[in-house]
Every structure is written in C-alpha cells, then in structure tokens.
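Just so it is clear, none of the values below were taken in a lab; they were calculated from the coordinates. Please read all numbers here as calculations on a predicted model, not as lab measurements. With ideal geometry, Cβ positions are generated from the backbone for all residues, glycine too; neighbour counts draw on all protein chains shown.
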Amino acid sequence: MASDYERGRVGLLLVDLVNENFSEDGKAYSVYAPEYERLGTIENLKRLIAGVRRHKDVPVFYSRTAFTDEDYSSWKHVSGIHRQMFDNRLFEADTWNTEFHEALAPQPGDVVLAPHKSLDVLHHTDLQFQLRQRNVEYLAIAGVSGIMAVESTARTAMECGYHVTTFTDAIAAPGGLVTYQAMMRGLTMVSHRVAGVDDFLASLGEPAA
C-alpha cells in the first residue's frame, strides 16, 4: 500500500471538527451521535490525527463552517441545508459552537483555514492556496458531514486533479446504516481510495527520519 502515496505530497483535511458537531452540548451533536457510537468516529479521528502528526511531512488542515448575523438574515437564496442551519442558528461565528472540539483541535504547525459558508471547502476557503504552498497532491478528507461537506469537497478535489482519499470510519452522517451505505457508494465514485484509518496510516509507511 505504501505505493499509493508519494512521500512528502500527502495532506489531511479535517472538516468541521467543532463543538457544534462533536460536543454533547452542540446543537448538531444529537443527529450524529448514533453514528459516532456505531462507527467509533471520534476515537478514529483521534487516532487518525495522532498517526498523521507522527509524519512531519504530512500537513494537517482544519476547516470549519461559520455564519455571521448578517449571513443569517441577508442571504437572497437559501438552500435546504442552509435553511436548516439558519433556522437553528448553527455554526454561529465567534462563539463556543464554532471552536474546535478540545480532543480534536489543531496544534502548532497545523493549518487553520479561513471559515467557509458553502459545503465545498476547496473552492470557498484558502485551501487550494495552502495545498499548493505545501506541494500536496494526495488529499485525505475526514470529518462531517460525509454526505455534505466531505463529499462536496472530495468531488471538487477530484475534478481539480488531486488524488482523493476518504474514510469509512473517520466520518459520519445523519440517517443510520442506509444513509451510511449510500454515502460509501457516493464517496467511492468521487474518491481514488476509500479506506479505514488503520489502513490509511499503514499506507503512509514509517515516518521519515
């Protein structure tokens, strides 16, 4: 598996690992909690992040959604997913809700991207600039929601020519097993590889000396 990735050209993108989604007091936590438990998502993310950080040549990128008061009140065209977020004032900028969850938070050396308001992290943040600055060609994407921001970003990255890896177990979406199976089918279509955390970490090989 080591041949799947070119050393020094791999990056990990973590999507919306914020209190809103991952803390029990977050407004969106309850919709993900059954899948977190079934898949072991939070522990898998911890293991993924720790494993990747052993590789000093693999940058870690953090993205998060954040909306301002003006966003909630002034958008002309509001999609279904944004209506759900706006009606519940999810991901309110500059609040505890949009802070990264303590157990999954960035550390010095990680790259925190500009906040995004659209599902597509690649085209609506500085991610592409940051990837190019670090010579990343192989992009692994984990986090939530697997059927929204993760899938949308994976699709765009694939169409932009990146080698895309998504995960079977460092991910979640509301809806239980049926949604999960549909999500896996969708991710398979837009990814070059869909892997478990352990397989992905093994494929990186030993950290460079």
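Which residue, Asn21, Val164, Val112, has the largest displacement toward the positive end of the dipole of segment 2-203 when charges sit on each Cβ (Lys, Arg +1; Asp, Glu -1)?
The residue sitting farthest along the positive end of the dipole is Val164.
With a cut-off of 18 Å, note down the residues of segment 48-66 whose backbone N falls inside the zone around a label point 7 Å from the Cα of Glu6 toward its beta carbon.
From segment 48-66, the list is 57-59.
If segment 2-203 were replaced by its equivalent ellipsoid, with semi-axes equal to the square roots of 5 times the Cα gyration tensor eigenvalues, what would those be, largest first, whole Å?
Ellipsoid semi-axes (Å, largest first): 25, 19, 17.
At 0.36 nm per residue, and after removing the present C-alpha to C-alpha distance, how many nm does the segment from Arg89 to Glu159 gain when stretched out fully? It would help to have the intermediate numbers written out before the result.
Details: separation 70, 0.36 × 70 = 25.20 nm, distance 3.20 nm.
Full extension of this stretch gives 22.0 nm more.
Residue by residue through segment 195-201, which ³J(HN,Hα) values in whole Hz follow from phi under the Karplus form 6.51 cos²θ - 1.76 cosθ + 1.60 (θ = phi - 60°), with glycine and proline marked x?
Karplus values, whole Hz, x for Gly and Pro: 9, x, 4, 4, 5, 5, 5.
Could you pull out which residues in segment 50-64 have an amide N less than 11 Å from a spot 7 Å beyond the Cα of Gln107, following the Cα-Cβ vector?
Zone members listed by number: 50-56.
Would you kindly state how much longer the chain becomes between Arg185 and His123 on full extension, computed as 0.36 nm times their sequence separation minus their alpha carbon distance, in nm to one decimal?
20.0 nm
In straight Cα distance, which lysines are under 26 Å from Lys117, not counting same-chain residues fewer than 8 positions off?
Within reach: Lys27, Lys46, Lys76.
Sorted by mean Cβ packing within 10 Å, highest first, what order do the peptides 34-47, 73-86, 10-23 take?
Numbers: 34-47: 17.7, 73-86: 11.9, 10-23: 24.9.
Top of the packing list down: 10-23, 34-47, 73-86.
Pulled fully out, how much extra length does the chain show between Asp25 and Ala114, if you take 0.36 nm times their separation in residues and subtract their Cα-Cα distance?
Extra length from Asp25 to Ala114 when fully extended: 29.6 nm.
Taking amide H atoms as placed 1.01 Å from N in the peptide plane, list the residues 5 or more away in sequence, or in a different chain, whose amide H sits under 5 Å from that of His116.
Arg64, Thr65, Ala66
Among Asp87, Asp126, Asp199, which one shows the biggest mean-square fluctuation in a GNM of the chain, springs joining Cα atoms closer than 10 Å?
Asp87
Between Glu43 and Asn135, with labels modelled 7 Å along Cα→Cβ, what's the label distance in nm to one decimal, could you check?
With each label point 7 Å from Cα toward Cβ, the separation is 3.8 nm.
Charges only on Cβ, +1 for Lys and Arg, -1 for Asp and Glu: so what's the dipole of the chain about the Cα centre, in debye to the nearest 20? List each step's numbers first, then the result.
Values: 19 positive and 28 negative charges, 105 e Å.
My answer is approximately 500 debye.
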